[in-house]
1. Which whole-number percent is the relative contact order of segment 15-89 (Cα, under 8 Å, 6+ apart)?
2. Which pairs in the list LYS98/LYS291; LYS218/LYS291; LYS86/LYS129; LYS88/LYS259; LYS21/LYS245 are over 23 Å apart, alpha-carbon to alpha-carbon?
3. Could you check how much of the accessible area of the chain is carbon and sulfur, as a whole percent, using a 1.4 Å probe?
4. Within segment 267-295, what residues put their amide N at less than 14 Å from the label point 7 Å along the Cα-to-Cβ vector of LYS336?
5. Per residue, how large is the accessible surface of the chain? Use a 1.4 angstrom probe and give square angstrom.
6. Kindly provide the GluC sites (Glu not before Pro) of segment 1-68 that DSSP labels as loop, not H, G, I, E or B, and whose Cβ sees at most 14 other Cβ atoms within 10 Å.
7. Helix check for the chain. Which DSSP H runs span at least 20 Å along their own axis by Cα, with a mean Kyte-Doolittle hydropathy no less than -1.0?
8. Write down, largest first, the equivalent ellipsoid semi-axes of segment 1-121 in whole Å, where each equals the square root of 5 times an eigenvalue of the alpha-carbon gyration tensor.
Amino acid sequence: MMEHVNKSYPFTAIVGQEKMKTALILNIINPLLGGVLIRGEKGTAKSTAVRALAELLPEREQVEGCVFGCDPADTGLMCSSCAEKKNKGIGLEVISSKMRVIDLPVSATEDRVVGTLDIEHAIKKGEKKFEPGILAQANRNILYVDEVNLLDDHVVDVLLDSAAMGVNTIEREGVSFSHPAKFILVGTMNPEEGDLRPQLLDRFGLVVDVAGENDVAKRVEVIKRRLEFENDPVEFSQNYEELQKELCNKISGAEQMLKKVCYNDNILELAAKISIAMGVDGHRADIGMIKTAMTIAAYNSREDVRESDMSEAAELVLPHRMRRRPFEEGVMDFSKVKEIIEDR
């Protein structure tokens with residue numbers, strides 16, 4: 001009898017869903033992209049891809065015993081406790097660990113998400129006592145929210161604020177406490193169960209729509225690989241070890257390359273023209289398109305942003321930001337973007 005092993009499905013073994021996989025990878029390379037919302041029916045490997053990506057990444061250093069998993073080398077993003085020890089010259093114990101996927105349940109209350117302050121303790125002892133919430137665990141990790149459209153709007157607001165600021169601040173009765181909350185936000189949802197409010201939708205950096213495979217050969221491959229994995233997860237994973245290492249190295253290289261990527265005025269002008277032509281409100285889309293195109297260039301080991309990068313970025317950044325008329329499907333006519341790029 002084969003011993004059961006708790007093994008994640010390899011990221012590189014996922015069949016199809018290229019846009020979803022790319023959007024997740026781009027957020028790992030550049031967490032400033034603002035997370036990704038994956039919309040689609042159940043059973044399209046959304047959750048599998050998120051967990052598999054975290055498993056693929058290399059280990060990184062963190063302060064042992066710190067609830068926020070602070071980076072011992074980054075003083076600017078440390079919690080107050082670690083920063084105080086560092087300033088006093090007290091050595092921080094360091095361990096290596098992988099990035100984790102922190103799940104946020106749909107039923108989570110605001111207190112469960114942001115944490116709580118013990119006001120009574122603060123009054124009696126004159127010191128802050130903070131009970132960490134989900135955002136504390138999420139620091140330097142992936143925060144995964146399944147069925148994000150069913151979350152309370154106020155909780156989604158808090159999540160998106162923390163994701164944008166990289167800090168969680170909790171205030172109760174005039175007492176406040178802040179801690180680092182720098183995470184990669186991944187939301188998944190089935191649009192048939194209701195949509196997110198446009199104001200919240202706009203705050204997600206990238207959006208990808210996924211569906212089940214319609215190609216018979218690809219569908220057969222999905223079934224075949226899943227059954228092989230369930231039969232012997234260890235052997236199946238070993239078959240993808242080389243591909244996993246290659247992708248891991250490519251992501252690490254892209255993180256370094258991103259600092260060197262540059263763009264010219266033509267690229268900025270192209271972003272503005274695309275946003276105007278597609279009827280996008282505000283400037284988030286323009287800025288998001290440039291940042292995404294830079295990350296795509298880094299992922300392809302290039303220091304310059306090209307028009308092809310802008311085309312790919314537009315597909316990820318624009319669909320959820322376009323104005324929709326009543327009863328109109330949120331499907332983007334991408335031919336307009338291609339025309340703008342080709343006319344240059």
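The values are calculated or read from the model by the stated rules, or taken from the named source; none is laboratory data. Not measured: the values here are computed from a predicted model. Cβ coordinates were reconstructed from backbone atoms using ideal geometry, including for glycine residues, and neighbour counts include every protein chain displayed. Protein only, heavy atoms only, side chains kept; ligands, DNA and RNA dropped before computing areas. Shrake-Rupley method; radii C 1.70, N 1.55, O 1.52, S 1.80 Å.
1. Values: 33 pairs, mean separation 11.3, N = 75.
In percent, rounded to a whole number, it is 15.
2. On the way: LYS98/LYS291 26 Å; LYS218/LYS291 32 Å; LYS86/LYS129 21 Å; LYS88/LYS259 32 Å; LYS21/LYS245 16 Å.
Among LYS98/LYS291; LYS218/LYS291; LYS86/LYS129; LYS88/LYS259; LYS21/LYS245, the Cα-Cα distance tops 23 Å for LYS98/LYS291; LYS218/LYS291; LYS88/LYS259.
3. Values: 8850 of 18220 Å².
Of all accessible area on the chain, carbon and sulfur atoms account for 49 percent.
4. 272-282
5. On the way: 18220 Å² over 344 residues.
On a per-residue basis, the chain sits at 53 Å².
6. Details: sites: GLU3, GLU18, GLU41, GLU55, GLU59, GLU61, GLU64; in loops: GLU3, GLU41, GLU59, GLU64.
Those satisfying the criteria are GLU3, GLU41, GLU59, GLU64.
7. Working: long enough: 216-231 (23 Å, -0.61); 241-257 (24 Å, -0.89); 284-299 (22 Å, 0.59).
Flagged H segments are 216-231, 241-257, 284-299.
8. Numbers: eigenvalues 205, 78, 55 Å².
Ellipsoid half-lengths, sorted descending, are 32, 20, 17 Å.
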